[in-house]
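In what follows, a structure is listed as structure tokens, so that the remarks can point back to it.
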There are 2 protein chains.
Amino acid sequence: MAHHKSHLTREGHQWTPQSGLQSGIPSIGVIKPSANRPSTKIHEVLVIGAGYTGLTALRDLTVAGHDVLLVEARDRIGGRTWSSNIDGYPYEMGGTWVHWNQPFVWRELARYGMSKDLEISPVTGKGLDRATFVRPGSTVHMSREEEFSTLNSAVRKFVNVDGKHGRALFPYPHNPHFNPDVAHYDTISFADRFAQIEDDMTPLELQLLKTFLSVTSGGTMENSGFFEFLRWWALNNYDLQELSELCLTFKLRDGQSALARRIFDDAVATGNLTYSFNSPVASVTDLGSHVEVKTRGGDVFKARRIIATVPLNILNDIKWSPPLLPGKQAASAQGHVNKCTKVHAEVANPALRSFTGYRWEGPLSWTFGDGTTPAGNTHLVAFGPSYEGIQLKLAQNQAQGALEAYKAFAPGEFDDVRRLVFHDWNEDEFAKGTWEFLGPNMATRYLDVLRKRQGNVLFASADWAMGWRGFIDGGIEDGANAAMELALEFRAAKGESGNTGKLVSKL
Amino acid sequence: MAHHKSHLTREGHQWTPQSGLQSGIPSIGVIKPSANRPSTKIHEVLVIGAGYTGLTALRDLTVAGHDVLLVEARDRIGGRTWSSNIDGYPYEMGGTWVHWNQPFVWRELARYGMSKDLEISPVTGKGLDRATFVRPGSTVHMSREEEFSTLNSAVRKFVNVDGKHGRALFPYPHNPHFNPDVAHYDTISFADRFAQIEDDMTPLELQLLKTFLSVTSGGTMENSGFFEFLRWWALNNYDLQELSELCLTFKLRDGQSALARRIFDDAVATGNLTYSFNSPVASVTDLGSHVEVKTRGGDVFKARRIIATVPLNILNDIKWSPPLLPGKQAASAQGHVNKCTKVHAEVANPALRSFTGYRWEGPLSWTFGDGTTPAGNTHLVAFGPSYEGIQLKLAQNQAQGALEAYKAFAPGEFDDVRRLVFHDWNEDEFAKGTWEFLGPNMATRYLDVLRKRQGNVLFASADWAMGWRGFIDGGIEDGANAAMELALEFRAAKGESGNTGKLVSKL
């Protein structure tokens, strides 16, 4: 049950046979009006960005009585995670699946009474209950058991660096450098790892795993870091079945924007949140006594402290004064590698509900049934890799390309596509990519500096979170950390000033 | 690193060869002075109990600006989870191990910057690196691999009610009744389940599993509910290795009282917490406009709302007016079944660090190396079952019984016990048992009513939590739920009164 009306965001695209490709789709995450009141004073905290990181930070601070201003470039909350509500069905444009083994998002669901509001994406026994792998030479149809055992055999060879499938190397994935031996694995890419083990893999194992990995890292085999995969595997309890349950099974019945909205509304209800949407930040200037944030539109906002939740790939697109630390600049210039494509299809074919398709080096290389729409059609989601010459350029009106890519998974089964829905994250100037996945050496070189505060400016993002980096959970983790750091700082300042009777409003 | 000095609590016992048995051991969880200021006004919220449930509730409320009074029977925080700091080493008297797959406690560790402050209890390769099972007829020495494969084989037969070791029956353990088929399994006991499968088990499997179960439920095979085990198994990701990592591996370097203290101190620092320790509650009277709480010492405290975090087994020991709902009364009268014993030993024998001992129907039936003390001795922890005629009656000065029980695990290896430390939870009038484990039919009959609010009185406890029931995590979950319910209620009342400018101080 959505508590809010949907409004059109200018983001996202929808294609239907009747209307062709249209930009702008509805979401309950759109905030109207886009500002709640003028902001000229010096706030305690200014949060840049209303993704889960920013939302968590501003909620924690406003609930604790602090005066917070949110400045957001988009017309909606959610950042790289948002759902579009179309004909009574939530399409997840970015981050989707959650699980109780992801501690920070689970606690948010519990806080808002939503921990029973999950439904299960993959179901078995409906129609074409198989996995079809379209690959050069021969298409392979696998039973669920064959699909699992092939991919499981392959991935276990891939991660078995320690004779214990990663358990010995990464016993403590929320403290990933607990074991210093992990550093070596940050120096190599997926391709390097394959060079060590591919002689022991069958061609089917190799092709299936590479297809899976291409939409896991969203990069190429050459530019994806092996350390990041091992760490993620450890977070998934070192087990493919667990990975499937933690990352691809449970989604919010009302869509991610329903949760984001609960967090935002919680903050608004405190009376302590001022906000301004449609306000892309041009510059951030730390003046010592306070910080000035200028938008592209010329607005100037001021606060004692800033929590910048700007994604890694666009950090350098803001003018920072003093400049970003060289390591932050270098990390942003290199960028994380995930340029994955995600496209939803609504198809008038109930036989596809249990279907899974893989396609070797297809512009969409993995699809599976994700739900049934109120109209009784099957909803499938598909992911595509970032391979040059292959990647769908969705923003260039390539809905036709997405349609063809869907059809290639199972000729004859996708003849009646009623709708495509997608957000082209790679062309999104406020994201320039999808969920974070680091290249080789980046974790070792850049994570520490990316987490560093500069004066009055804190940097928080899922992109450099400690635990579920690149996930909803990591965003919430890092946003909460930044809020706590500032809350303790304000408390200490209050203690020094001898003012113990009420919450501090200015430092 | 402990930030607080330890004080002696009147709880807990220590035995040394020099001093014999002494009552009262040091803990950083002891709060001195026991009250911070007089309390005569009507508070917004009164929290009964300073275990993790109560601490979480009062922290969430005070941080959000609400006026809270804590009333606690003991001289310390932590309830059934607390650590004693003896000669630079934290002994965990109750709840011990935590993990990032326990979402609520993990979020607390992150909030206080403690998510790297874990150390690993079991280590391999130190001395007698084996599991020894002392049983009638023959003692069996097992390698680590043999121990795991025997217990794993046994437990997988035990839980395999669905051909998928519980995964099909309990896909969603934080919403345990998601699949209505689970209800049947609440009608049977461990003994009933064994009757179905024991013909397929080897004698060693059967004896090892029953020994393990006896200190998992802390009850007998007859009075322990199979549903509770299946649910817990699902929370442990349906896997014995996972269970071992989630429930028996990672402990806080500074002890659980260090975390409890951080939560308590956080609340105190808001200026919104009034507290009174050494104040056992005699009666709770809901007068409609407010609630009066009388202590055994005759103090009367008042608040608009109460969060009672009183454990299941002592709910009936308070006089409630209006009376507890009949279902709550019946559940408390029956009580959960966990009457497990836990005893720590410090032994001058480094060879025991990697040792695990099982003993068939011993007064202590399971022990393992848990650390090395600053003096260089081995710290072992042992658990004993609640079997009649076998259970250690620790409060009756039976340190000698505990010593003998330790020695029986490995004759000759426990000759130089330097210290025993324990808290006799079964004789503790404010606990009457250890961590919650329900008997057959109790989950179906009582959980809903145990969670019910009565007027101005909310009931929160790990004992009826949705997820990690009986665990630290469940206590934090349920305490946060109660706090959120009241915060929303106060916010709604504030909205109705038209007062939107500041936090409400009275309804």
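Every number here is computed from the coordinates shown, using simple stated rules; none is lab data. Quantities reported herein were computed from a predicted structural model and do not represent experimental measurements. So basically every Cβ, Gly included, is an ideal-geometry build from the backbone, and we count neighbours across all protein chains shown.
Largest first, the extents of the alpha carbon coordinates of segment B:157-316 on the three principal axes equal 60, 39, 29 Å. Here segment B:236-266 and segment B:315-339 have alpha carbon centers that stand 29 Å from each other. When the Cα atoms of segment B:96-159 are aligned to their principal axes, the ranges along those axes come out at 51, 33, 19 Å in descending order. Averaged over the residues of peptide B:109-115, the number of Cβ atoms from other protein chains lying within 10 Å of each residue's Cβ is 5. Note on segment B:57-117: Rg/Rh from C-alpha atoms, Kirkwood Rh, equals 1.01.
Give me the Debye-computed log₁₀ of I(q)/I(0) at q = 0.11, 0.18, 0.20 Å⁻¹ for segment B:88-224, equal point scatterers on Cα only, no solvent, two decimals. For segment B:88-224, the Cα-only Debye profile gives -0.61, -1.27, -1.32. One quarter of the convex hull surface built on the alpha carbon atoms of the protein assembly as shown amounts to 39.7 nm², the projected area averaged over directions.
For chain A, place one equal point scatterer on every Cα, skip the solvent, and apply the Debye formula. What is log10 of I(q)/I(0) at q = 0.11, 0.13 Å⁻¹? Reported log10 I(q)/I(0), two decimals: -0.92, -1.28. Could you list, in their original order, any pairs among B:Lys328/B:Lys393; A:Lys319/A:Lys452; A:Lys32/A:Lys342; B:Lys5/B:Lys41; B:Lys164/B:Lys210; B:Lys251/B:Lys328 whose Cα atoms are separated by more than 24 Å? The pairs that break the limit, which is 24 Å between Cα atoms, are B:Lys328/B:Lys393; A:Lys32/A:Lys342; B:Lys5/B:Lys41; B:Lys251/B:Lys328.
Applying the Karplus relation 6.51 cos²θ - 1.76 cosθ + 1.60 with θ = phi - 60° to segment A:421-428 yields 3J(HN,Hα) values of 9, 7, 10, 8, 5, 6, 9, 7 Hz, where x marks Gly and Pro. Which FRET efficiency value, to the nearest 0.05, is calculated for B:Ala333 and A:Asp162 with the Förster distance at 60 angstrom and r the Cβ-Cβ distance? That pair, B:Ala333 with A:Asp162, gives E of 0.70. Multiplying each eigenvalue of the alpha-carbon gyration tensor of segment A:1-84 by 5 and taking the square root yields semi-axes of 30, 13, 11 Å, largest first, rounded to whole angstroms. Over all other residues within a Cβ to Cβ distance under 11 Å of B:Ala465, the charged ones net out to -3, with Lys and Arg as +1 and Asp and Glu as -1. Here's how it looks for A:Thr132: its modeled amide H is under 5 Å from those of A:Met142, A:Thr356, A:Gly357, A:Tyr358, which are all 5 or more places away or on a different chain. Restricting the calculation to Cα atoms, every distinct pair contributes to the Kirkwood radius of segment A:253-320, found to be 14.0 Å. Considering helices alone, the calculated mean residue ellipticity of chain A at 222 nm is -9000 deg cm²/dmol, with DSSP H runs of length four and up weighted by -39500 (n - 2.57) and normalised per residue.
What the phi angles of segment A:340-345 give under the Karplus curve with 6.51, -1.76 and 1.60, with θ = phi - 60°, is a coupling list of 4, 10, 9, 9, 8, 10 Hz, glycine and proline written as x. Find the centroid of the Cα atoms in segment A:24-86 and in segment A:274-309, then give the distance between the two in whole Å. Between the Cα centre of segment A:24-86 and that of segment A:274-309, the gap is 14 Å. Label point of A:Ser143 (7 Å along Cα→beta-carbon): distances to the other copies' equivalent points are 3.4 nm, sorted ascending. A Förster radius of 35 Å, combined with the Cβ-Cβ distance separating B:Ser138 from B:Asp181, puts the computed FRET efficiency at roughly 0.30.
Remark: segment B:140-202 is approximated by an ellipsoid whose semi-axes, taken from the C-alpha gyration tensor as √(5λ), come to 26, 15, 9 Å, largest first.
Projected onto planes of every orientation and averaged, the convex hull of the alpha-carbon atoms in segment A:278-413 covers 11.9 nm². Per-peptide packing, taken as the mean over residues of other Cβ atoms within 10 Å, places A:483-496, A:32-45 in the sequence A:483-496, A:32-45 from highest down. Beyond 20 Å, the tail of the calculated P(r) for segment A:24-183 holds 72 percent of the Cα pairs.
Label points for A:Thr187 are taken 7 Å from Cα along Cα→Cβ. From this copy to the others they lie 6.3 nm apart, shortest first. Entry for segment B:384-467 at q = 0.14, 0.16, 0.18, 0.19 Å⁻¹: log10 I(q)/I(0) = -0.70, -0.81, -0.90, -0.95, Debye formula applied to identical alpha-carbon scatterers, no solvent contribution.
Relative to the other identical copies, A:Arg37 shows label-point distances of 2.8 nm, where the label point lies 7 Å from Cα along the Cβ direction and values run shortest first. What FRET efficiency comes out for the pair A:Asn441/A:Gln18, r = Cβ-Cβ distance, R0 = 60 Å, nearest 0.05? Using R0 = 60 Å, I get an efficiency of 0.75.
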